[in-house]
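Engineer: There's a structure below that I have some questions on.
Each value in this text was obtained by applying a stated rule to the coordinates, not by laboratory testing. For clarity, every value in this text was computed on a predicted model and none was experimentally measured. Using ideal geometry, Cβ is built from the backbone for each residue, glycine included, and neighbour counts are taken over all protein chains shown.
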Amino acid sequence: MVKSYLRYKLEQTFGVLVSPSSQIKYDWTGRLAFVGALSSVIVWNIKKSVIVCKLEDLSNTSLVTCITISPDERTVAVGYDDGMIRIWDWADIISSGKLSNYSFSNNNDNGWNSNENRNKIHEFEFTSFAGHKSGVTWLSYSSKSTNGAYFCSGSRDGHIIVWNWLEKRGIVRLTGHTGAITTCFFIMKYPKERVSNDDDDDENNNFDDDDDVNEDNPSPIGVISSSKDNLIKVWDLETQHCIQTVVGHRKEVW
């Protein structure tokens, strides 16, 4: 048994599989895993244990700090240690036909270990968003009914920025936390549902005809955030101010 491990020889190295600076995100089918690996995001086919593709900017050297996928699975947003945010159009990448090992069927291919599949890794186009001066700690999309048009980001400096992904611009910056943002989510305004009743008069309807109801375009009206400063804050996007602060936590809120 002494030094029996010397019988084994190194045949292959896998490189960086995942780095501790970022979390792991699964797609909505649970078949793909998006993991941060230094400055890149590796997409794994879990069933086949092979790499599907890499999402990377070859000019970037900052570590990936957070990853999120839009509710409609069209885009993947990635935050970095330098404060940058890059968004890849995942739907276009899938339709491009450039993905290796995307099929979930069982076959006898050599996976990502083969030189053939390594050569298939492409640099896909992305959109960059610059607004944070320190590392991005959280990313969150609006609801699926908005087609992921909006997303919010939090950073280590305590700032929150709300972005319009479709218009490629920032909408508002929310400042008030003194610690790194740990979570931030949208508060959505949904259209009211009309309840009709032939026996009731029009004046007894559940809402006024003058109400501004847009059934097709629900919109975010606020943001709720937590931070390492032990606080939870509720923000009004119209006034761009904090309307409520929840105190009482003795430690960081996650």
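Engineer: What is the packing order of peptides 233-242, 158-167, taking the mean over residues of other C-beta atoms within 10 Å and listing the highest first?
Structural biologist: Working: 233-242: 15.3, 158-167: 18.6.
By packing density, highest mean first, the sequence is 158-167, 233-242.
Engineer: Quick check on packing: order 179-185, 218-224 by the mean number of other C-beta atoms within 10 Å, highest mean leading. Don't skip to the answer; put the middle values down first.
Structural biologist: Details: 179-185: 19.3, 218-224: 17.3.
By packing density, highest mean first, the sequence is 179-185, 218-224.
Engineer: Say each of W254 and H241 gets a label point 7 Å from the Cα, pointing the same way as Cα to Cβ; how far apart are those two points in nm?
Structural biologist: 3.4
Engineer: Using packing as a proxy for protection, rank 72-81, 37-46 so that the peptide with the highest average count of other Cβ atoms within 10 Å comes first. Working shown, then result.
Structural biologist: Working: 72-81: 22.1, 37-46: 20.4.
Ranked from most to least packed, the peptides come out as 72-81, 37-46.
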